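Read the structure below first, then the notes.
Bear in mind these aren't lab numbers, they're just calculated from the coordinates by the rules spelled out. What you see is a predicted model, and the numbers here were worked out from it, not measured in a lab. Methodologically, a virtual Cβ is constructed for each residue, glycine included, from the backbone with ideal geometry; neighbour enumeration extends over all protein chains shown.
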Amino acid sequence: MRLSLLFIGLLINLSSFAQCKTYKIGVKGDTLNCTDFNNLKQGKWVLHMESLRGEPGYDQEGIYKDDKKEGAWRTYTLMGDIMSIENFRWGYKNANCAYYNIYGIERLESWRAIDPKSPYDTIDVPDLHSDAVYKKIVKVDASSVKQGTWNYYNAETGAITKTEEYVLDQLVVPEKKTNSAKIISDSTYTVKADSVSKVKPKEVLLYEKKNSNKKKVKVRDGATGVQ
C-alpha cells in the first residue's frame, strides 16, 4: 500500500515537472515556482525579497494561474509575522484583503475584480420616488474596484475606528447625512435669497407705495453736480 502511494506521488511529481520549463523543489518535495513552456508562471510560488533602500523585505506565497495571481496570497515580514492576506482573481484584488501590523489587524478592505473579457457589472439603483430597486448594467474601466465595506481598526484593541462603504470605487455617503446636508444647504440658500429679494426696509416700502402711480419720480441724491 505504501509503495503504491509513493508510486502515485512520484507520477504526480513527474507530471508537474513535465509541464514546467523551470521550477524549484520545496522542503516537502513539492514543485514550486513553476514556469511553463510559454514562460507563464503556474502553480504555487514562494517569493523572497530582501530589504532595499529603506523598504522592508518580505516573504510571499500564493498561486499563479497563467501568470496571474489567483486565490489567497500571504505576505510575511522577514521575521515571520503576517503582513497581509490578499485575495485575487484574474490577477486583480478580489473579495476581502486584510492588512496587519505587529499588534493585529489594521484594515479590512473589500474589492471586486473585473473580468478583462467582460468589463461590465450590475449595480442596484434605488428609485427616488418609491422603495423599488432597479438593476443597471454599467461598464467598468478599472481592473479592480473598491466594493463593499472597508473597516479600519485599532490594532491593539481590535476595535473598529472607521467604516466606509463603496460601490464600484465610489464612496457611499450615508443617506441620512446626505439628506440633512441637502436640506441645510437648500434652507440656507432660501433664507439668503429671501433676505435679498423680498425683505425691504420699511422706508423703502412706504416710498414705493407713495409713488406707485407716478410715471416718473425725480429723486435728489445729494450730489452737488461738481465733478
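Net charge near residue 44: determine it from the other residues with C-beta under 13 Å of the C-beta of residue 44, scoring Lys and Arg +1 and Asp and Glu -1.
So the surrounding residues net to +3.
Of the listed pairs 69/135; 44/139; 21/65, which have alpha-carbon separations greater than 24 Å here?
Flagged as over cut-off: 69/135; 44/139.
Return an integer: the convex hull volume of the alpha-carbon atoms of segment 48-150, in Å³ per residue.
Spread over its residues, the Cα hull of segment 48-150 gives 147 Å³ apiece.
Provide the per-residue ³J(HN,Hα) series for segment 146-158, in order, calculated from phi with Karplus coefficients 6.51, -1.76, 1.60 and θ = phi - 60°, each as a whole number of Hz, with x at glycine and proline positions.
Result, ordered by residue: 5, 8, x, 8, 10, 10, 10, 10, 7, 4, 6, 9, x Hz.
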